[in-house]
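The values are calculated or read from the model by the stated rules, or taken from the named source; none is laboratory data. Please read these numbers as outputs of a predicted model, since none were measured by experiment. Glycine gets a Cβ as well: all are built from the backbone with ideal geometry, and neighbour counts include every protein chain shown.
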Amino acid sequence: MDYGVFTPAGPFWSEAIITLIEDSKTGEALAFNVMRLLPVQIRGQDENVLHLGLTMVSPAARGRSLASSLYILTCVLYFFRRQCRPFWISNVSQVPAVIGMVSESFVDVFPRLDNPDVPPARHLALATQIMAQHRAAFGVSDDAPFQSDRFIIEDAYRGGSDNLKKTFEEATPHRSDVFNTLCADSLDYDRGDDFLQIGRANAEAARRILRKRLPELRGMGLSLQLVSLFLSSLVAPVAQWMNPRRQQGDLRARGQS
């Protein structure tokens, strides 16, 4: 691969969020994820979309849910770092397990299972900007066609991500067959298609992630959910309103004109 963090030059490193999981006993690197902030405009305001980016897991460490931990727990930390302000996410993949994980973890994700052919206006605006300005973030060449009605990138594995192309049989399936069927029916794996997913992370997504990722902690997991509810319902609004210099989008009331 010769894109993103695999290229030493360019601004990618300054715009990246890199998460590394190591073996606590040996210090050996087990998995890493590289997310990138993609500058866009939403309703005329400058904002960033968090692109979930590339995740790699050592073969010896596979089957331990490290990939999903890298994706979603990093997003929860980023959510709290932003004073619990909602933000948009994007993801490019042909792997059913990843497509399903993003769909189940975040909110307002398109493509949707119930209506995969009608993108909402804001999702379409973000997808158009990402495909026009930020293809290099996920290693897709400028001439790869984009189906804007279904958010499918055709022949996506040219532009740096060439060696990531998989057959449907090689791609990790999701535990729910609906996502496997969606990918099998929508994507041409011989050509090398990808879905571009657009969604949002907010307090509901954070609670959803904590419920899913921390069931084994029982009492502590419940405590973290209650803390999340407290932060999102009381502390976050106060922190957001006390900082008038930052755009809050739907969270800050507009003055009367």
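C75 falls short on exactly one of the conditions (1) within 19 Å of L164 (Cα to Cα); (2) in contact (Cβ under 8 Å) with a residue 12 or more places away in the chain, and that condition is (1). Is it the case that some residue within the range 54-66 is of a type in the set (K, R) and farther than 20 Å from R208 by Cβ? Checked against the condition, which is being of a type in the set (K, R) and farther than 20 Å from R208 by Cβ, the range 54-66 yields at least one hit. The number of residues in the range 107-130 that are assigned to a helix (DSSP H, G or I) and either within 15 Å of I209 (Cα to Cα) or without any contact (Cβ under 8 Å) to a residue 24 or more places away in the chain (or both) comes to 2. For the range 38-70, a residue qualifies if it is surrounded by 14 or more Cβ atoms within 10 Å (Cβ to Cβ) and under 15 Å from R200 (Cβ atoms), and the qualifying residues are L38, V40, I42, E47, N48, V49, L50, H51, L52. Scanning the range 145-172 for residues that are of a type in the set (A, V, I, L, M, F, W, C), buried (at least 19 other Cβ atoms within 10 Å of the Cβ) and part of a loop (DSSP other than H, G, I, E, B) gives F151, A156, A171. Within the range 109-144, being of a type in the set (D, E, K, R), at pLDDT 90 or above and exposed (fewer than 15 other Cβ atoms within 10 Å of the Cβ) holds for D142, D143. For the range 237-251, the criterion of being of a type outside the set (F, W, Y), at pLDDT 95 or above and surrounded by 13 or more Cβ atoms within 10 Å (Cβ to Cβ) is met by no residue.
In the range 8-106, counting only strands (runs of 3 or more DSSP E) that sit wholly within it, none holds 3 or more residues that are within 16 Å of A137 (Cα to Cα), at pLDDT below 80 and among the polar types (S, T, N, Q). On inspection, S65 qualifies as among the hydroxyl-bearing types (S, T, Y), over 15 Å from the mean Cα position of the chain (by Cα) and within 24 Å of A31 (Cα to Cα). Within the set D194, D162, D149, the sole residue that is under 20 Å from P119 (Cα atoms) and at pLDDT below 95 turns out to be D149.
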